[in-house]
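See below for the structure under consideration.
The values are calculated or read from the model by the stated rules, or taken from the named source; none is laboratory data. Everything quoted here is computed from the prediction, not taken from an experiment. Glycine also receives a Cβ, built like all others from the backbone with ideal geometry; neighbour counts cover every protein chain displayed.
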Amino acid sequence: MIKNYKLENNQLSETEDIDCPVIVALNPDKDERESLAKKHNIISALDPEEPSRIEFDEGHLAFIFKRPKNYSSKDHFVFKVSSMGLFLFDKKLIIIVSEDIPLFTSKNFKSVKNIKEIFLKLIYNSIFHFLEHLRIINMIADEIEKKLSKSMENKYLLNMFSLEKSLVYYLNAISSNGAVVTRIKLNALKIGFSEENIEFIDDMAIENNQCYRQAEIYSNIFASMMDARASVVNNNLNVLMKNLTVMMIGLMVPTMVVSIFSMNVPLPFQKDIHGFIIVLGLCAVALGVFTLWWKNKKW
């Protein structure tokens, strides 16, 4: 699907006019791909495995960068990365994305002067989106960690592994984005950015670097704590097995007393009317002695 946007009064609005400054291709179909492919290489823009890169083609700038993919419950705690393609001409900006996402809803697009500013703010939104996802990943990890301390189910450990895997994807994507942002900064005058745009690029580079550091910190913490979390689960299992063992041995003591008095041979208290109560008393005494001995051993 292709959407056209016009720029009026420093704001973007959708229009039916084909001759517009901003064109957005949302997961284009075969015909739309063929139409766009006549002028632009859209395969890279739709390939989630494509690394971020920038190419200076004749008459336009081709830019591929990474952005977080919208998360759904079907992903099972795996936060994925998708690609976005930006093709910047003198008077036109073509945006190619693989999924329907809100591109111009953030507060950054309340006032935009030209397509170059739109180009830069789309990149900035991607960096901000990564930061938001990192906060969500950290919150999910805290909740899973609380459940791990009380449960021995493998699914929580698998969820933690999925989050750790997501951070690896994010680190690669953020690092790749940082490289192309640096290249944009080095070629800012060649592309035709203003001094104000160059200052905004500097801010983007700082934000992306902070985003990378935050993802790296989370990744290192996850990696160092996974063994500890696995140890907690193993310790919980050991405690449970110990408690079950104590219960089984505790039940065996009175069972042994009852078994002795159940033999088909002459036994004490066999003809005593209080024999049953005496046997129960012996069971209780045996169990009490065993409990005191167990506590004395501090097992």
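Let me confirm something: among F130, F63, which residue is in contact with a Leu (Cβ under 6 Å, 6 or more places away or on another chain) and buried (at least 20 other Cβ atoms within 10 Å of the Cβ)? Only one candidate qualifies: F63. Note on the range 24-40: among residues that are in contact with a Phe, Trp or Tyr (Cβ under 9 Å, 6 or more places away or on another chain) and assigned to a loop (DSSP other than H, G, I, E, B), the one that is modelled with the lowest pLDDT is K39.
The condition of being assigned to a loop (DSSP other than H, G, I, E, B), surrounded by 13 or more Cβ atoms within 10 Å (Cβ to Cβ) and of a type in the set (D, E) holds for only one of E50, E99, that being E50.
Could you please let me know if V112 is surrounded by 17 or more Cβ atoms within 10 Å (Cβ to Cβ) and under 25 Å from the mean Cα position of the chain (by Cα)? So V112 does not fit the description; no. Does K147 meet the test of being assigned to a helix (DSSP H, G or I), modelled with pLDDT under 85, in the same structural domain as Q210 (by TED's automatic domain parsing) and out of contact with any Pro (no Cβ under 8 Å at 6 or more places or on another chain)? For K147, the condition - assigned to a helix (DSSP H, G or I), modelled with pLDDT under 85, in the same structural domain as Q210 (by TED's automatic domain parsing) and out of contact with any Pro (no Cβ under 8 Å at 6 or more places or on another chain) - is met.
Looking across the range 172-187, the residues that are of a type in the set (A, V, I, L, M, F, W, C) and crowded, with 17+ Cβ neighbours inside 10 Å come down to A173, I174, V180, V181, I184.
Of all the residues in the range 50-104, those that are of a type in the set (S, T, Y) and without any contact (Cβ under 8 Å) to a residue 60 or more places away in the chain number 4. Applying the condition of being farther than 21 Å from R183 by Cα and modelled with pLDDT of 75 or more to the range 66-76 and asking which residue is surrounded by the most Cβ atoms within 10 Å (Cβ to Cβ) yields P68.
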